[in-house]
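Below: the structure, in structure tokens.
The values are calculated or read from the model by the stated rules, or taken from the named source; none is laboratory data. What you see is a predicted model; the values in this text were computed from it and never measured. Quick reminder, even Gly has a Cβ in these numbers, built from the backbone with ideal geometry, and neighbours come from all protein chains shown. Surface accessibility is based on the protein's heavy atoms, side chains included, excluding ligands, DNA and RNA. Shrake-Rupley method; radii C 1.70, N 1.55, O 1.52, S 1.80 Å.
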Amino acid sequence: MTTAENLSEKVRDFIASPRKMLINGKWTDAASGKTFETLDPSTGESIVQVAEGDREDVNRAVAAARTAFEDSPWSRMAPSAREKIMHRLADLMEENADVLAELEALDNGKNVAVARAVDVQLAIDYMRYMAGWPTKIGGDILPMSVPYAPDAKFMGYTLKEPVGVVGQIIPWNFPALMASWKLSPALASGCTVVLKPAEETPLTALYIGELICQAGFPEGVVNIIPGYGHTAGAALTEHEDVDKIAFTGSTTVGKIIVKAAADTMKNVSMELGGKSPAIILPDADLDIAIPGAASAIFFNMGQVCCAGSRLFVPDNLYDKVIDGLANEANNMKIGPGLNPENMINPLVSQIQFDRVMSYIDSGRGEGAEVIAGGGRSGDTGYFVEPTVLAKTTRDMKVVQEEIFGPVVCVQRYGDVSEIPALANDTVYGLGASIWTRDVGNIINIVPKIKSGSVWVNCHSILDAVMPFGGYKQSGYGKDMGKEALDSYLETKAVCIMA
Ligand code: ADP
């Protein structure tokens with residue numbers, strides 16, 4: 001299946017000419033006139049040229065977002081009117097869901113049916129979920145005492161106000177979903193936004209930009225600047241007139257951003273890397289646990305911040321689980337994501353491909369046993385076989401560092417009492433799963449695991465209502481759920497003396 005032949009008309013139209021950036025409601029070229037290529041990861045070939053945003057474009061976008069925040073009706077609009085526009089956007093996303101899924105498969109490489117069912121549907125669901133919030137965001141009335149002014153009467157209350165102009169920097173692994181995770185709570189809160197999609201995958205964010213223009217948002221409420229991290233991204237994080245930065249990406253870049261944002265004391269929320277454990281307990285139902293552990297790591301080719309990349313298996317089940325996992329890995333069909341039968345698709349880029357292959361080599365060098373996969377698939381595109389590394393130990397680089405690829409490190413353990421220490425033996429704390437039929441195990445182990453999500457008998461299940469975000473070096477602040485609103489709102493305390 002060659003990509004170009006099978007594209008829908010809408011997608012073909014969208015990639016027929018260079019894509020521009022969205023500033024103040026208008027599609028514009030970069031101030032420098034520069035463009036960059038976005039590539040099809042299944043072939044390495046160019047899809048389309050995209051305007052390359054840099055500092056000057058970020059300055060213009062921030063100025064537009066500032067004007068929109070201060071002068072446009074958005075932040076002061078009746079909450080029900082804000083809801084209506086957000087619902088319209090969610091409806092437009094739903095109407096264009098197949099187009100978004102196809103663009104995602106083309107730009108990121110992933111399976112088109114999965115993109116439709118998971119990425120795009122969750123993006124729509126979350127926009128809708130957040131569209132319901134503007135009418136429900138309220139402060140409190142506070143019963144004041146003021147002991148040093150006993151004769152006066154006071155009334156205290158809190159107001160919830162949008163933080164202002166928000167810079168949002170998102171990664172390439174779930175481009176449309178990340179755009180929704182960031183835009184939805186910002187818009188529900190009344191903020192205005194400058195969004196920078198990842199340079200590898202700008203297309204779905206730009207398509208959502210088209211839908212934003214149709215939905216009726218005032219100009220400048222959402223600005224979208226495609227471009228590179230060290231240029232456009234850095235300009236956004238350093239900008240004096242940006243009130244908040246919301247970032248999803250690697251812990252390494254997260255640390256750079258936190259430092260850059262410190263100079264202007266920006267409010268920051270960080271959803272960073274992970275090395276999440278999937279823990280099979282001795283009583284687990286292996287018919288569920290083995291395919292579950294496989295999908296915990298191989299879903300999205302392991303390019304998932306909460307991927308179950310460390311698998312813990314008890315001694316008594318070890319051989320069975322290893323065999324089962326290898327079987328799952330060997331039976332996954334590999335190929336381009338535009339063919340929905342292919343469940344293992346290319347990694348996003350040459351850089352990512354090289355990185356993952358070098359980790360596999362490092363694992364081999366440190367004594368891990370390659371039970372399945374371990375190599376490249378085909379000779380075009382960035383395909384890596386689903387890989388199972390057995391006999392891994394805690395000190396190995398592949399066990400400690402985030403690989404962000406389809407590579408699981410299996411470690412064995414003797415007794416359930418070892419689990420919390422093993423699970424927490426990482427600088428990260430994003431997700432974890434335990435596989436058990438014993439409710440006692442759940443009650444005992446869940447509180448001991450230092451991570452923002454714990455799944456039981458499943459892994460990486462996401463939903464609009466469930467807050468998602470890390471402990472430790474996996475970051476702070478939450479995406480999704482109502483908690484995501486917290487970091488887009490300031491609390492103003494008001495005191496009236498009667
Ligand atoms: P990955 O390593 O998985 O590619 P990154 O964390 O590098 O993920 O990238 C996530 C996002 O962060 C992308 O949009 C990228 O352009 C952006 N980014 C990278 N470096 C910087 C930086 N120094 N400042 C701001 N944004 C950056």
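Listing for the model above:
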quantity: When residues of the stretch 333-358 are limited to those that are open to solvent by 50 Å² or more (accessible area, probe 1.4 Å) and among the hydrophobic types (A, V, I, L, M, F, W, C), the one farthest from L103 (Cα to Cα); calculated: I351
quantity: Complete set of residues in the stretch 296-323 that are crowded, with 19+ Cβ neighbours inside 10 Å, assigned to a helix (DSSP H, G or I) and either in contact with a Phe, Trp or Tyr (Cβ under 7 Å, 6 or more places away or on another chain) or on the phi < 0 side of the Ramachandran plot (or both); calculated: A296, I297, F298, F299, G302, L317, V321, I322
quantity: Per-region count, the stretch 421-441, residues open to solvent by less than 30 Å² (accessible area, probe 1.4 Å) and more than 21 Å from L286 (Cα to Cα); calculated: 3
quantity: Filter result for D57 (touching a residue at least 12 places away in the same chain (Cβ under 8 Å) and assigned by TED's automatic domain parsing to the domain that holds Q214); calculated: yes
quantity: Cross-chain or 6+ apart pairs with Cβ under 7 Å, the stretch 362-391 first and in the same structural domain as N342 (by TED's automatic domain parsing) and part of a loop (DSSP other than H, G, I, E, B), then modelled with pLDDT of 95 or more and among the aromatic types (F, W, Y); calculated: S377/F383; Y382/F353; P386/F298
quantity: Tally of residues being open to solvent by 10 Å² or more (accessible area, probe 1.4 Å) and away from the ligand (no atom under 16 Å from the Cβ) across the stretch 186-213; calculated: 3
quantity: Any chance N444 is surrounded by 16 or more Cβ atoms within 10 Å (Cβ to Cβ) and polar (S, T, N, Q); calculated: no
quantity: Residues being basic (K, R) and without any contact (Cβ under 8 Å) to a residue 60 or more places away in the chain - total across the stretch 235-262; calculated: 2
quantity: Filtered residue count, the stretch 194-213, keeping only those that are within 22 Å of the chain's Cα centre (by Cα) and part of a helix (DSSP H, G or I); calculated: 10
quantity: So D40, is it assigned by TED's automatic domain parsing to the domain that holds Y207 and in contact with a strand residue (DSSP E or B) (Cβ under 6 Å, 6 or more places away or on another chain); calculated: yes
quantity: Residue within the stretch 144-152 that is surrounded by fewer than 24 Cβ atoms within 10 Å (Cβ to Cβ), under 22 Å from the mean Cα position of the chain (by Cα) and assigned by TED's automatic domain parsing to the domain that holds T237 present; calculated: no
quantity: Residues within the stretch 352-409 that are hydroxyl-bearing (S, T, Y) and either within 16 Å of the ligand (Cβ to nearest atom) or closer than 19 Å to F299 by Cβ (or both), tallied; calculated: 5
quantity: Filtered residues of the stretch 154-169 (kept if within 11 Å of the ligand (Cβ to nearest atom) and either open to solvent by 10 Å² or more (accessible area, probe 1.4 Å) or polar (S, T, N, Q) (or both)); calculated: Q168, I169
quantity: The stretch 224-244, subset aliphatic (A, V, I, L, M) and under 15 Å from A198 (Cβ atoms), residue most open to solvent (accessible area, probe 1.4 Å); calculated: A234
quantity: Options K110, K182: the member that is in contact (Cβ under 8 Å) with a residue 12 or more places away in the chain, within 16 Å of the ligand (Cβ to nearest atom) and under 23 Å from Q214 (Cβ atoms); calculated: K182
quantity: Qualifying positions in the stretch 336-355 - free of Cβ contacts under 8 Å to residues at least 12 places away in the same chain and in a loop (DSSP other than H, G, I, E, B); calculated: E341
quantity: Which numbered condition A262 fails, given (1) out of contact with any Ser or Thr (no Cβ under 9 Å at 6 or more places or on another chain); (2) among the small types (G, A, S); (3) under 30 Å from I434 (Cα atoms); calculated: (3)
quantity: Any pair with Cβ under 6 angstrom, 6 or more apart, that starts in the stretch 223-234 at a residue that is over 21 Å from C191 (Cβ atoms) and in the same structural domain as R60 (by TED's automatic domain parsing) and ends at one that is near the ligand (Cβ under 8 Å from one of its atoms) and open to solvent by 10 Å² or more (accessible area, probe 1.4 Å); calculated: Y228/E199
quantity: Qualifying positions in the stretch 421-453 - β-branched (V, I, T) and either in a helix (DSSP H, G or I) or more than 23 Å from the chain's Cα centre (by Cα) (or both); calculated: T436, V439, I442, I443, I445, V446
quantity: Criterion (β-branched (V, I, T), within 19 Å of P226 (Cα to Cα) and at pLDDT 95 or above) met by exactly one of V99, V112, V58, V120; calculated: V58
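Okay, residues lined up against (1) in contact with a Leu (Cβ under 7 Å, 6 or more places away or on another chain); (2) without any contact (Cβ under 8 Å) to a residue 12 or more places away in the chain; (3) closer than 17 Å to Y428 by Cβ:
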| position | (1), (2), (3) |
| --- | --- |
| I279 | no, no, yes |
| M301 | yes, no, no |
| K320 | yes, no, no |
| N330 | no, no, no |
| I334 | no, no, no |
